[in-house]
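Below is one structure. I have some questions about it.
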Amino acid sequence: MAFFFIRTGRFRNAATTGAVVPFIAAALAVGIAQGVASTGGLRALLGEIEPARHVGLLSSIYPISHRAAAIPALVAGRFAATQSLFHIAVDCAVPGTIAAVIAIAPTRGSRP
């Protein structure tokens with residue numbers, strides 16, 4: 001998770017300066033970190049149920065998570081004509097960071 005937050009900071013810095021190559025590299029790193037976090041979350045969820053129910057759980061999770069990713073992308077696309085890259089990045093990063101902290105907070109004391 002620390003890697004995700006560090007890379008998000010690099011993403012913000014690249015967006016501030018308008019540097020395209022560092023922005024893309026930072027976005028790639030954030031995407032990798034998000035993939036690792038997503039994989040960990042799926043492992044935690046799937047480890048709690050019997051294997052016969054994995055398909056049902058995954059078929060519920062994927063549509064929800066894809067919609068959750070598509071909606072901010074569509075909104076950011078609409079703002080691209082009127083807002084700078086930095087403002088779009090901050091408008092996406094701030095609520096995302098707050099949501100991540102809220103989601104992680106209850107799990108801080110529960111280690112297997």
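Taking the conditions exactly as written (under 26 Å from A44 (Cα atoms), surrounded by fewer than 10 Cβ atoms within 10 Å (Cβ to Cβ) and modelled with pLDDT of 80 or more), does R67 satisfy them or not?
yes
Can you list residue pairs whose Cβ atoms sit under 9 Å apart, with the first residue in the stretch 30-58 being open to solvent by 90 Å² or more (accessible area, probe 1.4 Å) and the second being among the basic types (K, R)? Count only pairs 6 or more apart in sequence or on different chains.
Close Cβ pairs (under 9 Å, with a partner that is among the basic types (K, R)) amount to I32/R7.
Considering only the stretch 74-85, how many residues are part of a helix (DSSP H, G or I) and open to solvent by less than 60 Å² (accessible area, probe 1.4 Å)?
The qualifying residues number 2.
The values are calculated or read from the model by the stated rules, or taken from the named source; none is laboratory data. No experiment lies behind these values; they were computed from the predicted model shown. For neighbour counting, all protein chains shown are included, and Cβ atoms are generated from backbone atoms with ideal geometry for every residue, glycine included. Surface accessibility is based on the protein's heavy atoms, side chains included, excluding ligands, DNA and RNA. Shrake-Rupley method; radii C 1.70, N 1.55, O 1.52, S 1.80 Å.
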